[in-house]
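Inspection log for the structure reproduced underneath, given as structure tokens.
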Amino acid sequence: MTTTHREVERKFRVTPDFALPDLVGVGGIVRVSPQPALDMSATYHDTTDLTLIRWRTTLRRRTGGHDDGWHLKLPVGGPHGEIRDEVRVPLEASPPDQVPAALADIVAPLVRDAALNPMATVSVRRFPMLLLDASGTALLEV
């Protein structure tokens, strides 16, 4: 099953000694809730000449997070391309080294007849924190 959601993602570079400031009281945040660490691995697929990246589009197969699966991120807007639609397909939709047909069909106008190949694998340990409002609803994840 394919699902789509819109995301606004902002990434920041910080120094190794960075500490998140106390955000309680800012913008309706009443509590910060640390979450369990996640060991995640993502393999990014593209053409040999990086057609998708040039179109600000990413296609990856990710494991280890709450959203394991194939993710296709398509630019929608924002001054820095931070607003994107993310199309998701479950891991079992295809073998690990084969892009699911549902996603390959979406990017076909960009890549034409070029093959989509694994280009890079990135593994990270993420320490997420949820910023919660008074009702316990997560406003965002840091």
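Evaluated with a Cβ-only charge set (Lys, Arg +1; Asp, Glu -1), the chain carries a dipole of roughly 240 debye about its Cα centre, given to the nearest 20. Multiplying the residue separation of ALA120 and HIS5 by 0.36 nm and subtracting their alpha-carbon distance yields 39.0 nm. Take the alpha carbon gyration tensor of region 24-105, find the square roots of its eigenvalues, order them as a ≥ b ≥ c, and report rounded if a/c is under 1.5; if not, report prolate when a/b exceeds b/c, else oblate. Oblate, because a/c is 1.5 or more while a/b does not exceed b/c.
With the whole protein complex present, HIS71 retains an accessible surface near 0 Å², based on a 1.4 Å probe. Annotation: extensible slack from GLN98 through VAL32 equals 19.9 nm (criterion: 0.36 nm per residue apart, minus Cα-Cα distance). Once the 1.4 Å probe is applied to the protein heavy atoms, region 1-104 comes out at 63 Å² accessible per residue.
Note on surface exposure: LEU132, LEU38 rank LEU38, LEU132 by accessible area, highest first, 1.4 Å probe.
How far is helix 101-111 tilted off the main Cα axis of the chain, in degrees rounded to 10, range 0 to 90? Tilt relative to the chain: about 80 degrees. Distance between the 7 Å Cα→Cβ label points at THR48 and PHE18: 3.7 nm.
Maximal additional length on extending the ALA108-ASP85 stretch stands at 6.6 nm, based on 0.36 nm per residue less the C-alpha distance. Per-residue SASA remark: SER123, around 90 Å² accessible (1.4 Å probe; ligands, DNA and RNA not included). Per-residue ellipticity at 222 nm from helix content only, as computed over the chain with -39500 (n - 2.57) for each DSSP H run of at least four residues, stands at -2500 deg cm²/dmol. Within the chain, what whole-number % of the accessible surface is contributed by carbon and sulfur, with the 1.4 Å probe and all protein chains included in the calculation? Carbon and sulfur together cover 56 percent of it.
The values are calculated or read from the model by the stated rules, or taken from the named source; none is laboratory data. Keep in mind it's a predicted model, so treat the numbers as computed, not measured. Note that each Cβ is placed from the backbone with ideal geometry, even for glycine, and that neighbours are counted across all protein chains shown. For accessibility, only protein heavy atoms count, side chains too; no ligands or nucleic acids. Shrake-Rupley method; radii C 1.70, N 1.55, O 1.52, S 1.80 Å.
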